[in-house]
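Beneath this line is the structure, given in structure tokens, with notes to follow.
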Amino acid sequence: MTTPDHALSTVRARIEAACREAGRDPDSVRLLAVSKTRGADEIRALHALGQSAFGENYAPELVDKYDTLEAAPAPLGLEWHFIGALQGNKTRAVAERAAWVHTVDRERIARRLSDQRPEGMPPLQVCLQVNISEEPQKAGVAPGEVAALAAAVQDLPGLALRGLMAIPATADDTPLQREPFARLRALRDTLNAGGHSLDTLSMGMSGDLEAAILEGATIVRIGTALFGPRQSKPKEST
């Protein structure tokens, strides 16, 4: 059985190796531990090894874990990222707890997050989720509609637009994996040439983090390689 310290060190080594191949500083890539379906004790174990950023896909899970692990008198002070599909009736819970949301793909959701961000908290850092492979079953704004959404989100007072996120179609070899990541990077560069200042590409998971880093990923979202095979999905309440 793989221990948390071995899993974390292995993932960090993969990130460093990919950065060396890309000629990049390993510090330019952040590791986001995807802790969906995982228990509080597993999160504590990785935190004790120095991992501070955790991603959740389901709003009720984020609420439960945040309220458990950040409770007084000994909050862990983790950086919580929401990385799943966000329903309109769940935006307040996320806006009140998360530091980042990676999956903004509609102006309505962005406005709700902005309006519901509590006063006194820093702006919610957001990425626009792009359906970069244009798969009908996947969430995300179409590549051709990203510029309009970015313009609508840019000036919302409770948000800070940081970049783009994608979950491309699965591919088995590195060259094929790199293609959609390269398209996302090019889309980010086009937005920046048009006046935005996006510094984040949230892309790459356990099976393709190397390809993502070669194409400029700044956040890789890693679950299975850290925690083992995914457990059953909790039932999402409506």
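The values are calculated or read from the model by the stated rules, or taken from the named source; none is laboratory data. Keep in mind that what you see is a predicted model, and the values were worked out from it rather than measured. Cβ placement follows ideal geometry from the backbone for every residue including glycine, while neighbour counts extend to all protein chains displayed. Ligands, DNA and RNA are excluded from the accessible area calculation, which covers all protein heavy atoms including side chains. Shrake-Rupley method; radii C 1.70, N 1.55, O 1.52, S 1.80 Å.
Here the scattering of the range 1-80 is modelled by Debye summation over its C-alpha atoms, one equal scatterer each and no solvent; at q = 0.19 Å⁻¹ the log10 of I(q)/I(0) is -0.86.
Full extension of the chain segment joining ALA151 with THR190 gains 12.7 nm, where the gain is 0.36 nm per residue of separation less the Cα-Cα distance. Near ALA211, once Lys and Arg are set to +1 and Asp and Glu to -1 for all other residues with Cβ below 13 Å from its Cβ, the sum equals -3.
In this structure the amide hydrogen of VAL34, modeled in the peptide plane, comes within under 5 Å of the amide hydrogens of GLY55, ILE222, GLY223, none closer than 5 places in sequence on its chain.
Order ARG162, ARG111 by their accessible area, 1.4 angstrom probe, all chains in place, largest first.
Numbers: ARG162 65, ARG111 105 Å².
From most accessible down to least: ARG111, ARG162.
In the complete set of protein chains, residue-level accessible area for VAL153 is approximately 0 Å², probe 1.4 angstrom. Classified by the C-alpha gyration tensor, the chain has an oblate form. Its axis ratio a/c, with a ≥ b ≥ c, is 1.5 or above, and a/b does not exceed b/c.
Take every Cα pair under 8 Å in the chain that's 6+ residues apart, average their separations, divide by the length, and report that relative contact order as a whole percent. Show your work: numbers first, answer last.
Numbers: 421 pairs, mean separation 48.7, N = 238.
In percent, rounded to a whole number, it is 20.
For every helix of n ≥ 4 consecutive DSSP H residues, a contribution of -39,500 (n - 2.57) applies; sum these over the chain, divide by its total residues, and give [θ] at 222 nm rounded to the nearest 500 deg cm²/dmol.
Values: 9 runs with 93 residues, N = 238.
Mean residue ellipticity, 222 nm, calculated: -11500 deg cm²/dmol.
Our summary of shape: the Cα atoms of the range 29-131 have principal axis extents of 38, 31, 23 Å, ordered from largest down, in whole angstrom.
Normalising the Debye intensity of the range 128-238 to I(0), with uniform scatterers on Cα atoms only, and taking log10 at q = 0.11, 0.12 Å⁻¹ returns -0.39, -0.46. Taking the accessible area of the chain, probe 1.4 Å, and keeping the other protein chains in place, the carbon and sulfur fraction comes to 50%. Using heavy atoms of the protein chains and a probe of 1.4 Å, the accessible area assigned to PHE227 is about 30 Å².
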